[in-house]
1. Looking at (1) touching a Lys or Arg at 6+ places or on another chain (Cβ under 9 Å); (2) farther than 21 Å from Leu78 by Cα, which is the one condition that is false for Gly14?
2. Looking at (1) modelled with pLDDT of 95 or more; (2) surrounded by 15 or more Cβ atoms within 10 Å (Cβ to Cβ); (3) more than 21 Å from Ile186 (Cβ to Cβ), find the lone condition where Gly133 falls short.
3. Return a yes/no flag: does region 115-122 have any residue that is surrounded by 14 or more Cβ atoms within 10 Å (Cβ to Cβ), within 22 Å of Leu189 (Cα to Cα), modelled with pLDDT of 95 or more and not charged (D, E, K, R).
Amino acid sequence: MANRKKKIILFASGNGSNAENIIRYFQKDKPARVTAVFTNNSQAGVIRRAQKLDVPVYFLSRDDFLHPADLIRRMKVLQPDLIVLAGFLWKIPAEFIVQFPEKIINIHPALLPAYGGKGMYGKYVHEAVLAAGEKKTGITIHYVNAHYDEGQILFQKEIPVLPDDTPETLAGRIHRLEYRYFPRIIESLLES
């Protein structure tokens, strides 16, 4: 048991580029591996990306979140060391969070506590940052608690907002930060 690889479970709702990056990172000689991906979107790009990398994908229904007892049981069978939200858009039920204390993390495309909360994801964050005339933005990796984007901050990395930035150019630069730092922070949490 001393050399058991730790298990990461990903939750994702969209294209899945962050999820794919994390899966690939841990396919190398690492102390952990991604053992499953859960999605709430039957059309999500993450499904194809995960299947291409031989990671099983499971669908989450709205009912799984309204009545999370079955989902909690499924998670306990899978025994994740860390549950990683990589572009997952539904709020995690409090009953679920209580079962996995300090084992659920999320990444947010802004410097929390600014530009967080319900409805603040993806392009909406970048549009708000630009509309406010911010001089800097970045990423935040944090524990998940019962409130959107309010869990304990684990890591932040900032970049300047450039005068000619658009939501699209900002998104591209933020994605590069996510790809670089998210797997490393996951790895450091699993080593501690």
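1. (1)
2. For Gly133, the exception is condition (2).
3. no
Yes or no, residue by residue, for (1) under 24 Å from Ile23 (Cα atoms); (2) among the small types (Gly, Ala, Ser); (3) in contact with a Lys or Arg (Cβ under 6 Å, 6 or more places away or on another chain):
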residue	(1), (2), (3)
His108	yes, no, no
Pro113	no, no, no
Tyr121	yes, no, no
Ile141	yes, no, no
Ile153	yes, no, no
Ala171	yes, yes, no
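Residues checked against (1) closer than 22 Å to Arg176 by Cβ; (2) touching a His at 6+ places or on another chain (Cβ under 7 Å); (3) not in a helix (DSSP H, G or I):
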| position | (1), (2), (3) |
| --- | --- |
| Arg4 | no, no, yes |
| Leu10 | yes, no, yes |
| Asn15 | yes, no, yes |
| Arg24 | yes, no, no |
| Ala36 | no, no, yes |
| Ser42 | no, no, yes |
| Ala50 | yes, no, no |
| Arg73 | no, no, no |
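Residues are listed down the side, and each one gets a yes or a no for (1) at pLDDT 95 or above; (2) surrounded by 15 or more Cβ atoms within 10 Å (Cβ to Cβ); (3) in contact with a His (Cβ under 6 Å, 6 or more places away or on another chain); (4) part of a helix (DSSP H, G or I):
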| site | (1), (2), (3), (4) |
| --- | --- |
| Leu112 | yes, yes, no, no |
| Val129 | yes, yes, no, yes |
| His147 | no, no, no, no |
| Ile159 | yes, yes, no, no |
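The values are calculated or read from the model by the stated rules, or taken from the named source; none is laboratory data. Computed from a predicted model, the values in this text were never measured in an experiment. Please note: Cβ atoms are built from the backbone with ideal geometry, for glycine as well, and neighbour counts cover all protein chains shown.
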